[in-house]
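Input: a single structure, listed below in structure tokens.
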Amino acid sequence: MNEAPDVNLTTREMGVLRLLADGLSNRLIARRLDISEKTVKNHLSGIYPKIGATDRTQAALYAQRLGLTEQRDAKPSASLTLTARENVVLRLLARGLSNRLIARRLDISEKTVKNHLSGIYPKIGATDRTQAALYAQFIGLTD
């Protein structure tokens, strides 16, 4: 993912990106901004190429790295019961890798990656890969 500090996002795009980085779904972003889900999708389609992201997870991580998310006072407990393999999968997810690329990197099947993610989400309180990636970045699992 290419990071361009001089990205020219509209005010509305910045608002969408901030809410995305907070882990909100398109439906919740739409409700928060009083726009339609289709409009949210259109904004995201415009944001991705501007910031060099290919999906919402990469866009959320980009926004978090730029400090567009709300600051939290304390980091969540690091005493999670993630297995060593789950930690590696979560770390790769937080780098913005797709399930296919994670599978290739670890020499496992995509189905196994999905199984690991299904085990990770409830342990960290995430409902999707974007929230999991943001969590991993927040607790310092990324480089």
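The values are calculated or read from the model by the stated rules, or taken from the named source; none is laboratory data. Note that the coordinates shown come from a computational prediction; the quantities given were computed from them, not determined experimentally. Counting neighbours? That spans all protein chains shown, and the Cβs are built from the backbone with ideal geometry, glycine included. With ligands, DNA and RNA removed, areas are computed over all heavy atoms of the protein, side chains included. Shrake-Rupley method; radii C 1.70, N 1.55, O 1.52, S 1.80 Å.
Residues in region 96-107 that are in contact with a helix residue (DSSP H, G or I) (Cβ under 8 Å, 6 or more places away or on another chain) and surrounded by 14 or more Cβ atoms within 10 Å (Cβ to Cβ): G96, L97, N99, L101, I102, A103, R105, L106.
Number of residues in region 4-47 that are touching a residue at least 24 places away in the same chain (Cβ under 8 Å), within 22 Å of F138 (Cβ to Cβ) and in a helix (DSSP H, G or I) equals 8.
Selection of first residues in region 98-125 that are within 16 Å of T81 (Cβ to Cβ) and of second residues that are open to solvent by 80 Å² or more (accessible area, probe 1.4 Å) and among the basic types (K, R), restricted to Cβ pairs under 8 Å at least 6 apart or on distinct chains, gives the following pairs, ordered by first then second residue: H116/R85. Name the residues in region 28-54 that are under 16 Å from the mean Cα position of the chain (by Cα), closer than 24 Å to G125 by Cβ and open to solvent by 50 Å² or more (accessible area, probe 1.4 Å), would you? Result: L28, single match. A single member of G140, G125 is more than 25 Å from N26 (Cβ to Cβ) and surrounded by fewer than 19 Cβ atoms within 10 Å (Cβ to Cβ), and it is G140.
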